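The values are calculated or read from the model by the stated rules, or taken from the named source; none is laboratory data. Everything numeric in this text was worked out from a predicted model, so none of it was measured. Don't worry about glycine lacking a Cβ; one is built from the backbone with ideal geometry, like all the others, and counts go over all protein chains shown. Heads up: the accessible areas ignore ligands, DNA and RNA and are worked out on the full protein's heavy atoms, side chains in. Shrake-Rupley method; radii C 1.70, N 1.55, O 1.52, S 1.80 Å.
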Amino acid sequence: MKPETGVSYFANGWPHHFKRDLDDILAHHCTYIVHSFSENEMVFARSRTAQFFKMTRDAGLSCWANPWAVMGLFGGEQFSAFVPRNPEACQILSTGQRAPAACPSADETRIAMKLWIDMAVDFGADTIFWDEPHLYIPDWDDLRFAPDSAFACFCPRCRISFQNRFGQPMPETLTAEMRLFREDLMVNFLAEMIGYAKDKGVRNAITLLPVEDEASESLPWNRIADLRGLDIFGTDPYWFLHNKDCTEYVSSQMERTMQICVPRRLTPHFWAQGFGIPSGRENELETGFSLAVERGAQSIAIWGMHGNSAWDGASENPEKVWDVVGNTFGKFRK
């Protein structure tokens, strides 16, 4: 089976430029585009987003919509407009600080997320891509907003819910009860949103962080894979970013992914990073993608075209990165 091949798309709002990029993406043997549909686009670029989605479909490509950093609950380099407008719906950290991210338990959060889904579907997305869902992670914030040891959520809603459920005040450490409570916040939120999107007639794909079960940012792969409406499941073992060996890291994460996907008949999905790749190591992308496909990946994607040269953290030789991606995808598709 030929794997589907994708690329994320962001940092451009010019239709004439996107037309050229579409030709470039097709020439690099991609079969789908993951559009980063942020809150900024929701507010300021609705018509342009709908136009880009239509152009994607008209080019014969599948159109995925990614809630890029929406409400601080997903991966992405964007600020949230929801957060300053809804301070009482935000997560509260163990330090007492209000995090720049929405709490999944808040009614306002769920209403806003469904509005995002409605827009994405109405604009023409055929797949909703749930990108690295997480509670607030201080280590990801380069502004050093809070200590890395801080965690959420200690908002009044969550405190009351924890007390009612476990018969004790919310602890200030990650006890077993606190870990379960935090997991449930995201699992229940994703269950409602994925089911809502499925009922609107689109597919659901998800990528979870490739971290160990005991990590503070981890989510339960098995529980999320069992959610109604999920079609595609994967992870993003970025070996350059995490200073890991490509072969070992990709192999172990694909084995874990296949253990999840096979019994549930989910499509196994794999991401490789296109940013921050040192010069001379570009060919490791072919190694990583080949390993993923050999081990069962049916959908593979690269984060960012042209080595993310439009963004901080670009690869040292971005055009070489893009060439390797195109050549590798071409081998799979031909």
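Before moving on, here are some points about what is shown:
- MRE, 222 nm, helices only [DSSP H, n ≥ 4, -39500 (n - 2.57), over the chain, to nearest 500]: -13000 deg cm²/dmol
- Sorted peptide list for 318-326, 64-72, 178-186, criterion being average Cβ within 10 angstrom, highest first: 64-72, 318-326, 178-186
- Dividing the Cα radius of gyration of the stretch 78-215 by its Kirkwood radius returns 0.97 for Rg/Rh.
- Rg and Dmax of the stretch 125-194, Cα atoms only, in Å: 14.3, 44
- Only Lys, Arg, Asp and Glu carry charge here, each on its Cβ (+1 for the first two, -1 for the last two); on that basis the chain has a dipole of about 980 debye about its Cα centre.
- Inter-label distance, nm, simple model (7 Å from Cα along the C-beta direction), Glu248/Arg223: 3.0 nm
- From phi via Karplus (6.51, -1.76, 1.60), per-residue ³J(HN,Hα) for the stretch 237-248 in Hz, x at Gly/Pro: x, 7, 5, 5, 4, 9, 6, 10, 6, 4, 4, 5
- Intensity falloff of the stretch 173-247 expressed as log10 I(q)/I(0), Debye formula with alpha-carbon point scatterers, at q = 0.16 Å⁻¹: -0.68
- Overall, the stretch 175-246 carries a charge dipole of about 340 debye about its Cα centre when +1 sits on the Cβ of Lys and Arg and -1 on the Cβ of Asp and Glu, all other atoms neutral.
- For the stretch 1-56, radius of gyration divided by Kirkwood radius, i.e. Rg to Rh on alpha-carbons: 1.00
- log₁₀ of I(q)/I(0) at q = 0.15 Å⁻¹ - the stretch 1-114, Debye sum with one point per alpha carbon: -0.71
- DSSP beta bridges in the stretch 1-103 [antiparallel fraction, %, rounded to 5]: 20 percent
- Inter-label distance, Arg144 to Phe79: 2.0 nm, where each label sits 7 Å from its Cα along the C-beta direction.
- Using the Karplus relation 6.51 cos²θ - 1.76 cosθ + 1.60 with θ = phi - 60°, the per-residue 3J(HN,Hα) values for the stretch 4-13 come to 6, 10, x, 9, 7, 9, 6, 6, 9, x Hz, with x marking Gly and Pro.
- Shape box of the stretch 221-287 [Cα atoms, principal axes, largest first, Å]: 43, 19, 18
- Debye, to nearest 20: dipole size of the stretch 52-208, +1 on Lys, Arg Cβ, -1 on Asp, Glu Cβ: 300 debye
- Sparsely packed loop sites in the stretch 204-261 (the trypsin sites (Lys or Arg not before Pro) outside DSSP H, G, I, E and B with at most 12 other Cβ atoms within 10 Å) comprise Arg228.
- Mean projection of the Cα convex hull over all viewing directions, computed for the stretch 61-102: 3.6 nm².
- Potential lengthening between Phe44 and Asp118 on full extension [0.36 nm per residue; Cα-Cα distance subtracted]: 25.0 nm
- Alpha-carbon centroids, the stretch 271-321 and the stretch 1-60: separation in whole Å: 18 Å
- Calculated FRET value between Glu108 and Glu214, using beta carbons and R₀ = 51 Å, to 0.05: 0.95
- With both residues required to sit in the chain, DSSP beta bridges show an antiparallel share near 10%.
- What the stretch 10-133 shows is 39 Å² of accessible area per residue, with the surface traced by a 1.4 Å probe over protein heavy atoms.
- Take the Cβ atoms of Glu286 and Trp14, set R0 to 35 Å, and the FRET efficiency comes out at 0.65.
- Of all accessible heavy-atom area on the stretch 49-115, the percent that carbon and sulfur account for (1.4 Å): 54 percent
- Rounded to the nearest 0.05, the FRET efficiency derived from the C-beta distance between Leu174 and Met1 at R0 = 41 Å is 0.50.
- Across the options Cys158, Ala191, Ala176, the greatest Cα extent toward the positive end of the charge dipole of the stretch 157-229 (unit charges at beta carbon of Lys, Arg, Asp, Glu) belongs to Ala191.
- Pairwise Cα inverse-distance average, inverted: Kirkwood Rh of the stretch 268-323 (Å): 11.3 Å
- Charge-dipole axis of the stretch 204-250 as Lys and Arg at +1 and Asp and Glu at -1 on Cβ define it, positive-most pick from Asn222, Ala205, Gly234: Ala205
- Length, then width, then depth: along the principal axes, the Cα atoms of the stretch 182-334 run 43, 37, 29 Å.
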